[in-house]
Amino acid sequence: MPMHHKLLMFFYPVFILIRKFAVMLRIISPNRLRVLIYHDIPAVEEARFEAQLRWLTKYWNIISPAELEAIMLGKSPLVGDNLLITFDDGLISNRVVAEKILNPLGIKAIFFVISDFVKIETPLESRQFIAKHIIPNSRLSDIPKAWKNMRLSDLSALIDQGHTIGHHTKLHSRLSDCLTDDELEDELVGGSKYISTQLGIDINHFAYTFGDIESFSEAALTVAKCNFQFIYSGLRGNNSHEVSPLSIRRDAAAYQLSDNEYRVFNNKLLGAFLEGAADFHYKISNKILDSWCEKN
């Protein structure tokens, strides 16, 4: 574990106290809305993932996508500590944990899927797609053997269970590398329309790939805002009423091992992130993203 993560865990109780004093002195608002990102939840992590969600429910009000929509659009007040759960990439473990863990806990999440990945029919093709697009320049042997895609039937089942499907581009492309409007339209709009048509739903939520500011662009935001009401980054931060629905911040809740397997963060480490301990690191990137939103 990196030393800075160990320090964040050690100082987690201090971060809680600092925030409490800041709220008492009215330096910051007592109300928060943060969004978590998960990806694959391997079978060996299911128990830990469930325990983490149960731990989070002690301190946070885990809201539904519909509740987030109402808050971000100003239709409902932001009151208390609110948390939304999201998953990126559309791996089959997402449906597994939705049915085994999320549903019994009454948690509704957003699943951001890659439209061309959804179309794949075999496990080998699925892993080949991941090696080429999701973890670019990887070898097939680098991709965990259990990784495969959710298909339309899986997405339909999630919708029936009350979850929300969002778009995560057509090919998991880095949108800052798309240099023409046609490329952006294909990645953002073409794939979304396929999912929307096949499932008979409107898709209002979009998360751009890789999550950092270098992987997005003002041009991509311009295209995305014409097709989605809510746009999500991978930049940590609190989504106060000053934050645009086009620049929703999200906190990564897991890390990858050298073999690409995901592991959920230690609760104290995740707690430190949710207390805003690392938000300063994303301040400049969030300002850039907000400036693009203001122009749009």
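The values are calculated or read from the model by the stated rules, or taken from the named source; none is laboratory data. From a predicted model like this one, the values you see are computed outputs, not experimental measurements. Positions of Cβ are generated from backbone atoms using ideal geometry, with glycine treated the same way; all protein chains shown enter the neighbour counts. SASA here: full protein model, heavy atoms, side chains in, ligands and nucleic acids out. Shrake-Rupley method; radii C 1.70, N 1.55, O 1.52, S 1.80 Å.
Could you count how many residues in region 74-101 are touching a residue at least 60 places away in the same chain (Cβ under 8 Å), open to solvent by 20 Å² or more (accessible area, probe 1.4 Å) and farther than 15 Å from Arg32 by Cα?
The number of residues fulfilling the criteria is 3.
Can you report the number of residues in region 195-215 which are farther than 18 Å from Ile110 by Cβ and open to solvent by less than 60 Å² (accessible area, probe 1.4 Å)?
Summing the residues that are farther than 18 Å from Ile110 by Cβ and open to solvent by less than 60 Å² (accessible area, probe 1.4 Å) in region 195-215 gives 3.
State whether one or more residues within region 49-63 are more than 15 Å from Asp81 (Cα to Cα), hydrophobic (A, V, I, L, M, F, W, C) and more than 20 Å from the chain's Cα centre (by Cα).
no
Hey, can you tell me all the residues within region 169-225 that are within 20 Å of Met150 (Cα to Cα), in contact with a helix residue (DSSP H, G or I) (Cβ under 9 Å, 6 or more places away or on another chain) and polar (S, T, N, Q)?
Correct list: Thr169, Ser173, Ser192, Gln198, Asn204, Thr209.
Exactly one of (1) over 14 Å from Phe112 (Cβ atoms); (2) modelled with pLDDT of 95 or more is unmet by Phe206. Its number?
Of the numbered conditions (1) over 14 Å from Phe112 (Cβ atoms); (2) modelled with pLDDT of 95 or more, the odd one out for Phe206 is (1).
Take region 102-138 and flag every residue that is part of a helix (DSSP H, G or I), open to solvent by less than 30 Å² (accessible area, probe 1.4 Å) and in contact (Cβ under 8 Å) with a residue 60 or more places away in the chain.
Within region 102-138, Leu102, Ser115, Val118 qualify.
What are the pairs, 6+ residues apart or on separate chains, where a residue within region 33-46 that is more than 25 Å from Glu69 (Cβ to Cβ) has its Cβ under 7 Å from a residue that is of a type in the set (Asp, Glu) and not in a strand (DSSP E or B)?
Listed pairs, sorted by first residue: Pro42/Glu261.
From Ala254, Ala207, which residue is within 28 Å of Glu183 (Cα to Cα), in contact (Cβ under 8 Å) with a residue 60 or more places away in the chain, of a type outside the set (D, E, K, R) and in contact with a strand residue (DSSP E or B) (Cβ under 7 Å, 6 or more places away or on another chain)?
On the way: Ala254 fails: within 28 Å of Glu183 (Cα to Cα).
Checking each option against the conditions leaves just Ala207.
Out of curiosity, is Ile28 among the β-branched types (Val, Ile, Thr), touching a helix residue (DSSP H, G or I) at 6+ places or on another chain (Cβ under 6 Å) and either at pLDDT below 95 or crowded, with 20+ Cβ neighbours inside 10 Å (or both)? First the steps, then the outcome.
Numbers: among the β-branched types (Val, Ile, Thr): yes; touching a helix residue (DSSP H, G or I) at 6+ places or on another chain (Cβ under 6 Å): yes; either at pLDDT below 95 or crowded, with 20+ Cβ neighbours inside 10 Å (or both): yes.
So Ile28 passes the test.
I need the full set of residues from region 221-243 which are open to solvent by 20 Å² or more (accessible area, probe 1.4 Å), farther than 10 Å from Asn204 by Cα and either in a loop (DSSP other than H, G, I, E, B) or out of contact with any Leu (no Cβ under 9 Å at 6 or more places or on another chain) (or both), in order please.
Cys226, Gly234, Asn238, Ser240, His241, Glu242
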